[in-house]
Amino acid sequence: MKRRSLDPETPADSAETSLCEALLALSTVDEMRAFLHDLCTPAEIEVMVDRWRVVPYLLDKLSYREIHERTAVSVTTIGRVARYLNQGAGGYMAAAARRNREPTA
């Protein structure tokens, strides 16, 4: 995690809440895409896309090697996502469950 030498005006937890609220305020895929492209570097977006890309395969219980062959995502990244699916805060599971219930826009 990045360390700052100065105390920011907005505490980190408050700023994180504000970011989450901004994400929730967006209502279309195009709005979210625009926000992510303004907020993140291309490399950061690529990392998030790679992580999200492997979630359905992990939920389907495919082997890491099979997922790697299908997605070209590194086995290390696949393992990291698997760890957070099993031991994380529940975000991947909540998003995957919601994604599976809602029609594609």
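The values are calculated or read from the model by the stated rules, or taken from the named source; none is laboratory data. The shown structure was predicted, so the numbers you read here are calculated from the model rather than taken from an experiment. Neighbour counts are summed over all protein chains in view; Cβ atoms, including those assigned to glycine, are modelled from backbone coordinates with ideal geometry. Ligands, DNA and RNA are stripped out before the accessible areas are found, and what is left, the full protein with its side chains, is counted by its heavy atoms. Shrake-Rupley method; radii C 1.70, N 1.55, O 1.52, S 1.80 Å.
Assorted remarks:
- Residue list for the stretch 1-28, restricted to those being of a type in the set (A, V, I, L, M), modelled with pLDDT of 95 or more and open to solvent by less than 80 Å² (accessible area, probe 1.4 Å): Leu19, Ala22, Leu23, Ala25, Leu26
- Some residue of the stretch 68-90 being over 12 Å from the mean Cα position of the chain (by Cα) and of a type in the set (Phe, Trp, Tyr): no
- Pairing each residue of the stretch 20-31 that is in contact (Cβ under 8 Å) with a residue 40 or more places away in the chain with any residue that is among the basic types (Lys, Arg) and in a loop (DSSP other than H, G, I, E, B), provided the two are 6+ apart or on different chains, yields no C-beta distance under 8 Å.
- Residues that are crowded, with 16+ Cβ neighbours inside 10 Å and under 20 Å from Ala94 (Cβ atoms), drawn from the stretch 47-74: Asp50, Arg51, Arg53, Val54, Val55, Tyr57, Leu58
- Matching residues in the stretch 29-46 - criterion: being surrounded by fewer than 12 Cβ atoms within 10 Å (Cβ to Cβ) and under 15 Å from the mean Cα position of the chain (by Cα): Val29, His37, Thr41, Pro42, Ala43, Glu44, Glu46
- Qualifying position, being assigned to a helix (DSSP H, G or I) and touching a helix residue (DSSP H, G or I) at 6+ places or on another chain (Cβ under 7 Å), among Ala22, Ala15, Ala34, Ala96: Ala96
- In the stretch 53-67, the residues that are of a type in the set (D, E, K, R) and over 18 Å from the mean Cα position of the chain (by Cα): Asp60, Lys61, Arg65, Glu66
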